[in-house]
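A.B. asks: Can you keep this structure in mind? I'll have questions shortly.
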Amino acid sequence: MSVGEFTASNIHMDEDKREEEKKKCVIDMGKLTADIAIQVAVAQKGNLHEAIEGLLNLEKSARVAEDISATKACCTAILSVCFKAKNWKLLEEEIMLLAKRRSQLKQAIQAFVRQAISYIDLAPDQDTKISLIKTLQAVTEGKIFVEIERARLTRRLAIIREAEGNIAEAADTLQEVPVVSKWLMDVALISGKGHRTCTNNKIPLFTATQMLKKICWCIILTPSYSTADGSSSDRLTLLNSTFQDKKLLELPVYKTLLETFITKEIIPWTSFEQTYATEVAEQSDIFGGNAQRSKDLRLRVTEHNVMVVAKYYTRVTIKRLSELLDLPSSEAEKQLSDLVVSTAISAKIDRPAGIIQFGKRQEPEDLLNSWANNIGRLLDLVDKSCQQIQKECMVHKVSITTAN
């Protein structure tokens, strides 16, 4: 990990460090180190399986005790003895076994995954390298704390496939990477089969500031409503957490950018485009040479504006909507229809009258239930008011008289 690298995994690492500081070591590290050394010596004598069994027993004791440092030390030792014995098949088996151990600590998984990644370039042949990568992909699947490691493994596999001449397979492999990870990783291939976006095969590393900028644009370019590729709640969570990141204070332009999409107000496209033209031009790896990304940015602004209109209006004319969206009437109607189809909003269009009505049509049962709930709340308020009046009358010894 480079200094200043800003990734989801590194955020988790910072949390893990704080968690480790809170937890006191319950395992005697001095004794554990000596026990590990004994098992390593057994492995060096040729009794590899016996040594691994001993190390697994030590790992179990540390894991049950929830001792992070001790568990990481045991996992590291197991992988190390397999690697030194050049038993790659056993190495893969132990990686899978350690990941599936009950209540395995995420810090331990993070540690041995990164250790195993360092062994990839030392594999004796291409088949072994690919097999190890696939094993690590299986281990990291669905685990957000090793999300970046999985993205890098997928990219490395894609580079191998590309070198073999399997361009289509390389591009398909990269489709497995979540869209946010893919943008943050500056992938070497895009979905257009075989189109190159960079000239070297090195994984780019960014400073914290550069990475934070990319994260902001990734969030903005992601639909704010649920799709087959992601949930709106995930996007909203990422938007709010990024907006609250202290590092964003060093980037006032990007903080304003996120605040613009958090605030439920219309975004004038012309002024938005002028304000962020320099920032868009700076992100050449996202927008450069990709006209579709620029169209997506305009689309996200339009979608935001339509949702704002749907929030504050119950009825609006098509002409007024087109003015608010700064689009021709036909285009404004199309964008509205697309959002209705995607269930992001509910609306009906009366074309002859040129009127749009927002909101779902309530069923009679729903209306009746709503009315009953409102009456119930009203009666509760009346009852509480009567109790307060009686209480005040008793305190001040005032009698309550009723008019004839």
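The values are calculated or read from the model by the stated rules, or taken from the named source; none is laboratory data. These numbers come from a predicted model, not from an experiment. When we count neighbours, we look across all protein chains shown, and the Cβ atoms used for this are built from the backbone with ideal geometry, even at glycine.
A.B. asks: Go through the stretch 351-404 and give me each residue that's surrounded by 10 or more Cβ atoms within 10 Å (Cβ to Cβ), assigned to a loop (DSSP other than H, G, I, E, B) and of a type in the set (Lys, Arg).
C.D. replies: Of everything in the stretch 351-404, just one residue is surrounded by 10 or more Cβ atoms within 10 Å (Cβ to Cβ), assigned to a loop (DSSP other than H, G, I, E, B) and of a type in the set (Lys, Arg), namely 360.
A.B. asks: Please determine whether any residue of the stretch 51-65 is assigned by TED's automatic domain parsing to the domain that holds residue 142 and not in a helix (DSSP H, G or I).
C.D. replies: yes
A.B. asks: Which residues, taken from the stretch 328-347, are more than 32 Å from the chain's Cα centre (by Cα) and either assigned to a loop (DSSP other than H, G, I, E, B) or within 19 Å of residue 232 (Cα to Cα) (or both)?
C.D. replies: Within the stretch 328-347, 328 is the sole residue that qualifies.
A.B. asks: While we're here: Going by the conditions given, is residue 255 touching a Ser or Thr at 6+ places or on another chain (Cβ under 8 Å), of a type in the set (Lys, Arg), surrounded by 12 or more Cβ atoms within 10 Å (Cβ to Cβ) and within 25 Å of residue 232 (Cα to Cα)? Step through it out loud before you land on a result.
C.D. replies: Numbers: touching a Ser or Thr at 6+ places or on another chain (Cβ under 8 Å): no; of a type in the set (Lys, Arg): yes; surrounded by 12 or more Cβ atoms within 10 Å (Cβ to Cβ): yes; within 25 Å of residue 232 (Cα to Cα): yes.
It is false that residue 255 is touching a Ser or Thr at 6+ places or on another chain (Cβ under 8 Å), of a type in the set (Lys, Arg), surrounded by 12 or more Cβ atoms within 10 Å (Cβ to Cβ) and within 25 Å of residue 232 (Cα to Cα).
A.B. asks: Which of the helices (runs of 4 or more DSSP H) found entirely inside the stretch 253-313 contain at least 2 residues meeting this: within 17 Å of residue 331 (Cα to Cα)?
C.D. replies: Because the criterion is at least 2 residues that are within 17 Å of residue 331 (Cα to Cα), the helices (runs of 4 or more DSSP H) in the stretch 253-313 that meet it are 269-275, 291-312.
A.B. asks: Quick one: residue 46 ticks every box in (1) on the phi > 0 side of the Ramachandran plot; (2) at pLDDT 90 or above bar one, so which box is it?
C.D. replies: (2)
A.B. asks: For the condition surrounded by 18 or more Cβ atoms within 10 Å (Cβ to Cβ), in contact with a helix residue (DSSP H, G or I) (Cβ under 9 Å, 6 or more places away or on another chain) and acidic (Asp, Glu), what is the one hit in 141, 92?
C.D. replies: When all the criteria are applied, what remains is 92.
A.B. asks: Follow-up. Kindly list, by first and then second residue, each pair from a residue in the stretch 27-44 that is more than 21 Å from residue 64 (Cβ to Cβ) and of a type in the set (Val, Ile, Thr) to a residue that is crowded, with 16+ Cβ neighbours inside 10 Å and at pLDDT 90 or above, limited to pairs with Cβ atoms under 8 Å and residues at least 6 apart or on different chains.
C.D. replies: Every condition considered, the pairs that remain are 40/51; 40/77; 40/80; 40/81; 42/51; 42/54.
A.B. asks: Given the conditions (1) over 23 Å from residue 143 (Cα atoms); (2) surrounded by fewer than 18 Cβ atoms within 10 Å (Cβ to Cβ); (3) in contact with a helix residue (DSSP H, G or I) (Cβ under 8 Å, 6 or more places away or on another chain), report the number of the one that residue 58 does not fulfil.
C.D. replies: The one condition residue 58 does not meet is (2).
A.B. asks: Okay, moving on. Keeping to the stretch 68-83, report how many residues are closer than 22 Å to residue 129 by Cβ and either not polar (S, T, N, Q) or not assigned by TED's automatic domain parsing to the domain that holds residue 102 (or both). Steps first, please.
C.D. replies: In the first step, residues of the stretch 68-83 are kept if they are closer than 22 Å to residue 129 by Cβ; the result is 75-76, 78-83.
With either not polar (S, T, N, Q) or not assigned by TED's automatic domain parsing to the domain that holds residue 102 (or both) added as a condition, the list becomes 75, 78-79, 81-83.
So the answer is 6.
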